[in-house]
Amino acid sequence: MHFNIELVNQYGYIVIFATLVLELIAFPLPGDVLLTYSGYLISQHRLNWPLSILFAAAGAITGITISYTIGSKLGAAFFNRYGHFIHLGPERMKKVSGWFNRYGNKLLVVSYFIPGVRHVTGYFTGITKVPYRTFALHSYAGAFLWAATLTALGRILGNNWDKYHSTISRYAVFAALSIALVFAAVYVYRNHKERIYERLFETLGTGRKMFKSSGRMKFVIISLSAVFLTLSGLVVGLIQDFLASEFDRFDVITAYIVKAVFTDKFQFVMNISNELTSITVVFILTACILILIMVKGIDVYLEAGFAFLAIWGGEALQIALRFAFSRLAPSGMKIPELVKYEFPSVHSFMAVVLFGFAAYLMIRYTKKAWAGTICTAAAVAICVFAALGPIYFQTESANDVLAGYVFGGLWLSLNIIILEVYRIMKQVKMMNEKNAF
């Protein structure tokens with residue numbers, strides 16, 4: 001690695017380009033380290049940021065295109081026989097195949113952030129005859145995203161790039177896997193939506209017969225949901241206790257990055273971030289959501305009831321969670337009497353619930369895919385922005401914010417799932433009544 005760094009110091013962009021070409025062909029070169037070091041050189045005004053991103057992305061695109069072409073020309077039989085010589089044997093290809101089956105072609109966008117996966121995705125997409133247009137759309141966008149993200153991190157870290165690089169790389173893998181899971185959920189829902197609803201319809205019909213009435217079936221669903229949420233809370237609590245030292249490091253790095261990116265000039269913007277989940281905003285947004293339901297709603301009373309439950313039940317839940325976790329906090333953790341315990345973060349929790357539920361309704365009411373994409377992107381952006389203020393003012397740690405996202409996501413998804421289940425139960429009931437006549 002030191003040799004590569006010296007080459008970058010001497011030859012700059014050409015070495016960045018050549019290294020990433022070779023890495024994406026499956027040579028064992030540390031491209032992620034090179035990119036963050038390039039960001040450090042940018043902070044020292046020894047490299048130009050746009051040119052660094054351009055050469056890095058061009059290198060990654062060239063490398064992955066070569067591997068795609070080789071894969072499409074040689075086929076699976078060649079790699080099954082000789083692939084082990086370049087760490088692309090049947091076992092590795094089978095593993096990557098499983099990833100693509102679960103996550104779809106969107107994995108190409110985030111695969112750059114996952115060591116051991118980015119090296120073989122080009123070959124695999126070529127072997128499986130993924131259309132070039134689909135391959136290029138996702139992989140080329142991922143190349144620019146990867147190059148821009150890691151050089152930006154190196155630029156932000158500056159002289160601390162070597163100190164924090166390995167930890168940030170590990171977090172990047174976790175983030176990429178989380179994004180891939182989201183892609184997988186969307187991919188499965190879009191491609192198997194009809195089958196999912198059919199199975200759910202059949203299951204609920206059987207369940208209703210088993211429990212004799214809709215009332216008992218609803219009680220079972222609510223009970224299972226409560227158990228699910230309780231167990232999720234216990235799991236997160238155990239993780240918090242077990243990884244306390246790792247969370248401390250995560251808090252330090254995240255706070256450092258936020259303060260480095262958002263200087264004192266952003267104080268007014270950060271104040272707005274702090275107010276996004278205030279009680280006033282919660283009241284206003286609840287009213288807007290209820291008006292939207294009255295105008296566009298399909299099952300008005302059902303949707304309005306769940307909107308109220310999701311938002312104000314979420315307010316009650318996040319208070320209860322902070323109280324519970326303050327009692328379960330590790331014995332070595334000192335909490336000043338005048339400081340409120342903020343695990344999980346109220347800001348990230350309520351941002352996910354508020355804006356996530358609003359986005360869900362907009363997606364359900366609109367028939368245009370691009371409108372749904374815009375709503376989802378806007379909701380994600382607002383949720384991220386809502387968490388920046390508390391970290392910037394150091395009223396909440398990154399650990400608190402992350403837990404808020406987890407619990408908020410659980411609560412939101414639970415409410416949406418139960419809402420959809422109740423919607424189908426109404427259809428089952430109507431169908432049974434119709435058949436009875």
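FYI, it's all coordinate maths here, none of it is from the lab. Keep in mind the model is a prediction, meaning the values are calculated, not measured. Here the Cβ is made from the backbone with ideal geometry for all residues, glycine too, and neighbour counts use every protein chain on show.
General observations
- Distance in nm between pseudo-label sites at residue 249 and residue 363 (7 Å out along the Cβ direction from Cα): 3.4 nm
- Residue 132-residue 294 pseudo-label distance in nm [points 7 Å out on the Cα-to-Cβ vector]: 5.7 nm
- The length gained by stretching the chain between residue 380 and residue 159 to full extension, at 0.36 nm per residue less their Cα-Cα distance, is 76.5 nm.
- Length gained on full extension, residue 264 to residue 426: 52.9 nm, using 0.36 nm per residue less the C-alpha separation.
- Net charge in the neighbourhood of residue 407 (other residues with Cβ under 14 Å of its Cβ; Lys, Arg +1, Asp, Glu -1) is -3.
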